[in-house]
């Protein structure tokens with residue numbers, strides 16, 4: 001999972017490596033990006049991009065050949081919530097990057113499909129997204145948006161929270177919640193109970 005293109009940082013005494021970060025950013029780069037999306041990045045996400053550009057911030061206690069996972073909290077039972085107690089985290093989008101990784105192009109691709117009070121900033125191993133709240137009432141909170149159950153915009157449906165799970169109250173809390181993937185044959189429910197027992 002890890003390679004030589006990494007940077008490290010400490011968060012509450014926990015060491016992280018950022019795998020495959022993009023080109024360094026200036027404060028001007030970030031301000032230009034914010035102007036293009038007409039959103040001011042929540043403070044913790046802004047701070048992250050001030051020091052590193054995208055990549056996968058991964059706790060160093062996750063083994064080299066393992067992936068990072070995080071638990072989900074669904075506020076109500078929906079089709080999207082069935083069997084999804086946890087998902088992978090594959091990294092943050094890069095500012096000024098190539099298609100598929102680029103923050104701005106991904107935002108343009110998906111902004112009509114997610115609630116207007118959120119910004120997509122990262123992805124899982126499939127086509128689903130991590131969102132961060134951008135309004136006063138949800139500012140900085142982290143959510144998971146399940147691609148397979150998105151609103152059908154073409155049929156006039158409006159994006160809501162039926163396919164969205166709560167993840168963490170802040171970006172830092174989200175990073176600290178990342179854990180090593182479930183063992184072979186371990187159910188997600190059992191994994192959540194085991195790794196979040198503290």
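Of the beta bridges in region 6-195, as assigned by DSSP with both residues counted there, near 95 percent are antiparallel. In units of the rule-of-thumb radius 2.2 N^0.38 Å, region 1-105 shows an alpha carbon radius of gyration of 1.21. Mean separation of Cα pairs under 8 Å and 6 or more residues apart, divided by the residue count, gives region 6-195 a relative contact order of 22 percent. Placing a pseudo-label 7 Å from each Cα along the Cα-to-Cβ vector at residue 149 and residue 116 gives an inter-label distance of 2.4 nm.
Here the gap between residue 37 and residue 79, fully extended at 0.36 nm per residue and compared with their Cα-Cα distance, gives a gain of 12.0 nm.
Please give the length that would be gained between residue 125 and residue 183 if that part of the chain were fully extended, namely 0.36 nm times their separation in residues minus their C-alpha to C-alpha distance (nm, one decimal). Stretched fully, the residue 125-residue 183 segment lengthens by 19.1 nm. Does a label point 7 Å from the Cα of residue 157, set along Cα-to-beta-carbon, have any residues of region 109-129 with amide nitrogen under 14 Å, and which are they? Counting backbone N atoms under 14 Å from the label point, the list is 113-115.
Each reported figure results from applying straightforward, stated rules to the coordinates on display, with no laboratory input. Everything numeric here is computed off the predicted structure, so don't read it as measured data. Every residue, glycine as well, gets a Cβ built from its backbone with ideal geometry; the counts of neighbours run over all protein chains shown.
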